[in-house]
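Q: Structure incoming, see below.
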Amino acid sequence: TASGIVTLTLIDPASNTWVCSGTITVDNSGVVIGTAVLAGKKGLTAPLDRVRLLTTASFDAGQFNIFYE
């Protein structure tokens, strides 16, 4: 089971530059078997108008939520 949070933040509207940060934990029957810390920065040539959830394993249960302001 994987759970965590990833936050995307627009830091410069003039250059359409975004940063992301987050932590994802993977557990097996309640025992943590791995944690990933992530961060990045990206300037976009067009407005961000969609987010795609990708996984290397099959997404066969659970949920995800997208919140924006």
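Q: What does the charge dipole of the chain about its Cα centre add up to, to the nearest 20 debye, if the Cβ of each Lys and Arg holds +1 and the Cβ of each Asp and Glu holds -1? All intermediate terms of the calculation are to be shown ahead of the outcome.
A: On the way: 4 positive and 5 negative charges, 37 e Å.
That gives a dipole near 180 debye.
Q: Be a star and scan segment 23-40 for residues whose amide nitrogen sits under 19 Å from the point 7 Å along the Cα-to-Cβ vector of residue 51.
A: Counting backbone N atoms under 19 Å from the label point, the list is 23-26, 36-40.
Q: Right, here's the next one. What is the sum of charges around residue 18, taking Lys and Arg as +1, Asp and Glu as -1, for the other residues whose C-beta is under 12 Å from the C-beta of residue 18? Numbers along the way, then the final one.
A: Details: positive: 41, 42; negative: 12.
Here the charged neighbours net out to +1.
Q: Turning to a different aspect of this structure: Could you check the spin-label model distance between residue 27 and residue 15? Points 7 Å from the Cα along Cα→Cβ, value in nm.
A: It is 4.0 nm.
Q: How much of the accessible area of the chain, probe 1.4 Å, is carbon plus sulfur, in whole percent? Please report the intermediate quantities before stating the final value.
A: Numbers: 3500 of 6170 Å².
Of the solvent-accessible surface of the chain, carbon and sulfur hold 57 percent.
Q: Going toward the positive end of the dipole of the chain, with +1 on Lys and Arg Cβ and -1 on Asp and Glu Cβ, which of 57, 4, 16 do you reach last?
A: 16
The values are calculated or read from the model by the stated rules, or taken from the named source; none is laboratory data. Nothing here was measured: the structure is a model prediction, and the numbers come from that model. Every residue, glycine among them, receives a Cβ derived from its backbone with ideal geometry; neighbour counts consider all protein chains shown. Ligands, DNA and RNA are excluded from the accessible area calculation, which covers all protein heavy atoms including side chains. Shrake-Rupley method; radii C 1.70, N 1.55, O 1.52, S 1.80 Å.
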